[in-house]
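A short write-up of the structure that comes next.
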Amino acid sequence: MIRIAICDDEAPTRAYLASLIRAQGCPCEVVEYASAGDCLASHRGIDLLFLDIDLNATGPDGMALARQIREQSAVTQPVIIFVTGYERYVFDAFDVGAFQYLLKPVDEEKFAQVFARAVSQIGTARKKTARTLTLQSAGVSRTVPLDSIYYIESSNHKVVLRLKDGAFSCYGKIRDLEAELGDQFFRVHKGYLVNLAYVEGYSKTELTLTGGEKLLISKYKYQDFVKAYLRFVKRGAGL
């Protein structure tokens, strides 16, 4: 599943790009933002961002948004494709690591070619990074295999990784990790982000992990948790 965002202040343009994306037949989730501020305020993990440069809304333009995204210390960075009516921005676009530059009105054939290459690059990047998580603590970088994480706990402005061989803590927000880690993890409670691979059983109020530890499930999260867990199990079984 590719997570795609469209950031453009013109609703017709967003709708047109969304239709082009869905026409490619790639499993994806598409979200739309009318301004740079809306995009920055979202904590969704984004794989691919279609970004207008000349945003008319109050706040940063598309180029400033791209710079802010590139300055973030995220585990993964989105592929950025600028969509604009002005050729003069082309060199600035590549200064912020843009993947491609599409001129409006967007040609359908050109879009399909660029989209296919972007998806291929995302797939390659996932193979390299999907199995590990790199975090900073006290100036020291630590890379943790995802399969070694039972769950992640939020505690006093820190996140604590409960691992097979102990625990590791660092400053951070659990919601940021939730967005980064994808479908293998699910936030069952405001304080717990669980690796679905280690769920042994569950009820409406708690789940049991490998080894017997139990964690609370929020009543507001229960139904979504069950759906996510069943999808995870089916995917693992190749169904």
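The values are calculated or read from the model by the stated rules, or taken from the named source; none is laboratory data. Computed from a predicted structure; not experimentally measured. Cβ coordinates were reconstructed from backbone atoms using ideal geometry, including for glycine residues, and neighbour counts include every protein chain displayed.
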> Given the conditions (1) surrounded by fewer than 18 Cβ atoms within 10 Å (Cβ to Cβ); (2) in the same structural domain as residue 168 (by TED's automatic domain parsing), which single one is not true for residue 117?
Replying inline: (2)
> in a helix (DSSP H, G or I), touching a strand residue (DSSP E or B) at 6+ places or on another chain (Cβ under 6 Å) and of a type in the set (Asp, Glu): does that describe residue 178?
Replying inline: yes
> Given the residues 91, 111, which is the only one that is touching a helix residue (DSSP H, G or I) at 6+ places or on another chain (Cβ under 7 Å) and outside any strand (DSSP E or B)?
Replying inline: 111
> Hey, any hits in region 83-103 for a residue that's at pLDDT 85 or above, in the same structural domain as residue 121 (by TED's automatic domain parsing) and either touching a Leu at 6+ places or on another chain (Cβ under 6 Å) or surrounded by fewer than 14 Cβ atoms within 10 Å (Cβ to Cβ) (or both)?
Replying inline: yes
> Out of region 1-56, which residues are touching a strand residue (DSSP E or B) at 6+ places or on another chain (Cβ under 7 Å), more than 14 Å from residue 115 (Cα to Cα), outside any loop (DSSP other than H, G, I, E, B) and β-branched (Val, Ile, Thr)?
Replying inline: 31
>> Condition (residue is under 25 Å from residue 28 (Cβ atoms), surrounded by fewer than 15 Cβ atoms within 10 Å (Cβ to Cβ) and in the same structural domain as residue 140 (by TED's automatic domain parsing)) applied to region 203-223: is it met by at least one residue?
In response: yes
> Taking residue 14 and the conditions (1) touching a residue at least 24 places away in the same chain (Cβ under 8 Å); (2) within 24 Å of residue 103 (Cβ to Cβ); (3) of a type in the set (Lys, Arg), which numbered condition does it fall short on, given that it satisfies the others?
Replying inline: (1)
> Pick from 4, 46: which is in contact with an Asp or Glu (Cβ under 7 Å, 6 or more places away or on another chain) and of a type in the set (Val, Ile, Thr)?
Replying inline: 4
> What are the residues in region 189-206 that are within 20 Å of residue 148 (Cβ to Cβ) and within 25 Å of the chain's Cα centre (by Cα), if any?
Replying inline: 192, 193, 194, 195, 196, 197, 198, 199
